[in-house]
Amino acid sequence: MSNREHRAPGQVKEVTSLSNPIVKEIKALALKKFRDQQNAFMAEGLKLVIDALDMGWTIRTLVFAKAGRGNPAVEKAAARTVAAGGLVLEVSEKVLTAITRRDNPQMVVGVFQQRWLPLKEIRPAGRDVWVALDRVRDPGNLGTIIRTVDAVGAKGVILVGEATDPFSLETVRATMGSVFSVPVARANLEAFLAWRRDTPAQFVGTHLKGSVDYRTVDYARRPVVLVMGNEQQGLPDALAEACDDVIRIPQAGRADSLNLAVATGVALYEIRRNALPTIGKDGN
């Protein structure tokens, strides 16, 4: 499919104007209001787009720079987009810069349909680990946590209360593609607590006032739900009281707390320690 004539007419639109209505619509996805209205979001980079297609995500629009014309991987992604009923745009560098709000944009951008996992469908079993985040505020933190959940082989993320959007451009960037492989659910506090009462898992919360060293808890008895408080206020009483264990990560320096994403990562690696592969002396 390296030649334009192999495609049906009109399947690839060439766009150079920032006032093009389709470009305006994609640019609007920078705002949560429009992401929610369109149930869509943007992901940058050819590898991310291919991974998302491989994992069955619904692509609405594929945007690529003129420089991508003739690139076999870009052409294949374009063909897959058309086959899935999506739109393909070949755009100028100026348009791509405007869409991504970056001076050195990636060559390819995909617009995908959002995907949420209903809380009621989450039934932790075996050695499953889920992370519940209370009112997480920072897109970088959320994206890094989603990436870490992916890295340790945990199952997914539950957003409790008013949280930052996992489908914002900043969060998606911080996930480095893990947004496509980590299920995300959302719930208000009441719904989460009701789910907790019906869920036979070990609920573990982290708190600066926790009395238990995070390294001393037995995480192997049943599935684990790691409950993390938000960046400013930590774990609220209602969530702390719902936990079987309230743990603390000790600190030896002058800092009195850890960044939320770092604390979540430290706890996750301890919880998943025995489930992770061992690296041998040869590095494998």
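Each reported figure results from applying straightforward, stated rules to the coordinates on display, with no laboratory input. These numbers come from a predicted model, not from an experiment. Cβ: placed from backbone, ideal geometry, glycine included. Neighbour counts: every protein chain shown.
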Hydrodynamic radius of the stretch 4-113 per Kirkwood, over alpha carbon pairs, in Å: 13.8
The chain: antiparallel DSSP beta bridges as a percent of all, rounded to 5: 25
DSSP beta bridges in the stretch 1-132 [antiparallel fraction, %, rounded to 5]: 55
Length released on extending from TYR269 to LYS120, taking residue separation times 0.36 nm less the Cα-Cα span: 51.0 nm
The chain: DSSP helices with Cα axial extent of at least 18 Å and average Kyte-Doolittle hydropathy no lower than -1.0: 139-152
Members of LYS76/LYS155; LYS32/LYS120; LYS27/LYS155; LYS47/LYS120; LYS24/LYS155; LYS13/LYS33 lying beyond 29 Å, as alpha-carbon distances in this model show: LYS76/LYS155; LYS27/LYS155; LYS47/LYS120; LYS24/LYS155
ALA79/SER181 FRET efficiency (R0 35 Å; Cβ-Cβ; nearest 0.05): 0.90
Mean Cα-pair separation over length for the stretch 119-275, i.e. relative contact order, pairs under 8 Å, 6 or more apart, %: 29
For the chain, calculated [θ]222 nm from helices alone, where every DSSP H run of n ≥ 4 adds -39500 (n - 2.57): -9000 deg cm²/dmol
Sum of side-chain charges, ARG127 neighbourhood, beta-carbon under 15 Å (Lys, Arg +1; Asp, Glu -1): +3
Local net charge near LEU117, Cβ-Cβ under 12 Å (Lys/Arg +1, Asp/Glu -1): +4
Counted charge near ARG102, where neighbours are those whose Cβ lies closer than 14 Å (Asp, Glu -1; Lys, Arg +1): 0
